[in-house]
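Here the structure comes first, spelled out in C-alpha cells, and everything after it is commentary.
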Amino acid sequence: MIADLHSHSTASDGELTPLALLQRAAQQGVELMAITDHDCVDGYQAVKAQWQQHHMQLVAGVELSCLWGKRLVHVVGLNIDVDNPQLSAGLAQQQLARKQRAKLIDAKLTKCGFTGGLLYATELAGDSQIGRPHFARFLVEKGHVRSENEAFNRYLGAGKVGDVKELWPDMATVIGWINASGGVAVLAHPLHYKMTATKLKALIVDFKQAGGAAIEVISGRQAKDQTQQLAKLAQQFDLHASIGSDFHKPGTPWRELGQVGQLPAQCRPVWSLFSHRDDVEQA
Ligand code: AMP
Ligand code: MN
Ligand code: MN
Ligand code: MN
C-alpha cells in the first residue's frame, strides 16, 4: 500500500492548491493520503468532498507547532475530527500565535536592518498561514540573502535571531487537542530535531506519556540506517509507525508524494488505528 501521511498545500507553506496536491498524489499512485498543513485544516476542508473521485482515501490531518521544553517540535494529527470544538479552538489559538509571531519576527529582522518584512510576508501569505518561509522569500527578494536556505541558515532557522518560538503551546497540549478530536498524534520527523540519541528517547518517552501514539519512521527519502533506527525506537516504545514525504512543492524528488519507500515489515502502521472512525474505511 502506498501511503503518504504528511504533505502541505497552499493553505500553509506548500506550493500546490489542495486539489492539485490531491491530483498529483493520485498520479504518483498514493492510495492513502493526509494533507497536514501547518496549524490549519483549510486545505483538507477544500477537498474533503472530492477525494473519492481520485481512487484514493484521504484522512484529515494537521501539523501542529509546539514546544518540548525550549525546543520546537512538530506533532502531526491524523484522522482528526475537524469539527471537534476543542481542536477548533486549538487551531484558532495557533493561527493567532502565527500572526503575533510574524510581528515579533519582523521586529527581530528590523533590528538587523531588514525593514518591511511584515508587510511583504503578510501580502505573500494572503489567506494561507503566515510563517518563516514567507520571511525567507522576503529576504531573498530584497537581496539580503541569495536563497531561502541561506535565509534559514543565517536568520530564521533553529537558534537564529528570527527563530521566535515562545508563542507555541507545549507538546502535551497539542496532543490533547488531537486526542480530544478522536485523532492519532504522530511525532513528526524525529531526526530533524538533531538531538542526541538520549535526548530523542527522552522526547519519545514524554510524547508517549502525553498520549502520543506513533512516530514518523519515514520522513522523506532517507538513509536505510535512519529508517532502521526509527523502526527500532517505535518498537522499543510500543508506538505505531507513520510514513510521509513532507511534500511542499514539485521539483524536490527526495520529498515527492508517495515516493519515499515503505515501512519496514516489523512496524505497525499508524492507519491500523484509523478503523474506529465510521467515515474512514480500513485501508
Ligand atoms: P514555520 O512553520 O513558520 O515555523 O516554518 C517552518 C517551515 O519552514 C518548515 O515547515 C519548512 O517548510 C520550512 N523550512 C525549514 N527549514 C528550511 C530551510 N532550511 N530552507 C527552506 N525552508 C525551510
Ligand atoms: Mn513547512
Ligand atoms: Mn515539520
Ligand atoms: Mn511538514
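For the structure I just gave you, tell me whether residue 13 is more than 15 Å from residue 77 (Cα to Cα) and within 11 Å of the chain's Cα centre (by Cα). Outline the logic, then answer.
Details: more than 15 Å from residue 77 (Cα to Cα): yes; within 11 Å of the chain's Cα centre (by Cα): yes.
When the stated conditions are applied, residue 13 passes them.
Filter segment 124-157 for residues that are within 21 Å of the chain's Cα centre (by Cα) and part of a loop (DSSP other than H, G, I, E, B); which is nearest to ligand 1 (Cβ to nearest atom)?
131
Quick one: which residue in 93, 53 is more than 20 Å from the chain's Cα centre (by Cα) and within 24 Å of residue 18 (Cα to Cα)? Walk me through how you get there before you give the answer.
Working: 93 fails: more than 20 Å from the chain's Cα centre (by Cα).
Criteria check complete, one pass: 53.
For the condition on the phi < 0 side of the Ramachandran plot and within 16 Å of ligand 3 (Cβ to nearest atom), what is the one hit in 121, 89, 102, 136?
Criteria check complete, one pass: 136.
Tell me which residues, restricted to segment 120-169, are among the aliphatic types (A, V, I, L, M), more than 23 Å from residue 71 (Cβ to Cβ) and more than 14 Å from ligand 2 (Cβ to nearest atom).
Selection gives 121, 124, 139, 140, 145.
Among (1) over 18 Å from the mean Cα position of the chain (by Cα); (2) within 15 Å of ligand 1 (Cβ to nearest atom), where does residue 194 come up short?
In the conditions (1) over 18 Å from the mean Cα position of the chain (by Cα); (2) within 15 Å of ligand 1 (Cβ to nearest atom), residue 194 misses (1) alone.
Residue 166 fails exactly one of the following numbered conditions: (1) surrounded by fewer than 17 Cβ atoms within 10 Å (Cβ to Cβ); (2) within 16 Å of ligand 4 (Cβ to nearest atom). What is the number of that condition?
Here residue 166 clears every test but (2).
Within segment 163-171, is even one residue of a type in the set (A, V, I, L, M, F, W, C), farther than 20 Å from residue 75 by Cα and touching a Cys at 6+ places or on another chain (Cβ under 8 Å)? Working first, answer last.
From segment 163-171, those of a type in the set (A, V, I, L, M, F, W, C) are 164, 167-168, 171; that's our starting set.
Keeping just the survivors that are farther than 20 Å from residue 75 by Cα gives none.
No, every residue in segment 163-171 fails to be of a type in the set (A, V, I, L, M, F, W, C), farther than 20 Å from residue 75 by Cα and touching a Cys at 6+ places or on another chain (Cβ under 8 Å).
Across segment 67-101, which residue is farthest from ligand 1 (Cβ to nearest atom) among those that are surrounded by 22 or more Cβ atoms within 10 Å (Cβ to Cβ) and in a strand (DSSP E or B)?
Filtering first and then ranking leaves 78.
Just one of the numbered conditions (1) among the polar types (S, T, N, Q); (2) closer than 27 Å to residue 260 by Cβ; (3) surrounded by fewer than 22 Cβ atoms within 10 Å (Cβ to Cβ); (4) touching a residue at least 12 places away in the same chain (Cβ under 8 Å) is not true of residue 196; which one?
Result: residue 196 fails condition (4) only.
Residue 151: out of contact with any strand residue (DSSP E or B) (no Cβ under 7 Å at 6 or more places or on another chain) and crowded, with 22+ Cβ neighbours inside 10 Å, yes or no?
Against the criterion (out of contact with any strand residue (DSSP E or B) (no Cβ under 7 Å at 6 or more places or on another chain) and crowded, with 22+ Cβ neighbours inside 10 Å), residue 151 qualifies.
Where residues in segment 171-191 are closer than 21 Å to residue 40 by Cβ and within 16 Å of ligand 1 (Cβ to nearest atom), which of them is surrounded by the most Cβ atoms within 10 Å (Cβ to Cβ)?
Of everything passing the filter in segment 171-191, 186 is surrounded by the most Cβ atoms within 10 Å (Cβ to Cβ).
Please work out which residue is farthest from residue 99 (Cα to Cα), limiting yourself to segment 121-155 and to residues that are within 16 Å of ligand 4 (Cβ to nearest atom) and in contact (Cβ under 8 Å) with a residue 40 or more places away in the chain.
Taking the candidates together, the pick is 133.
Readers should treat all values here as calculations from the given coordinates under stated rules, not as data from a laboratory. Just so you know, these numbers come straight off a predicted model, no measurement behind them. Virtual Cβ from ideal backbone geometry, glycine too; neighbours counted across all protein chains shown.
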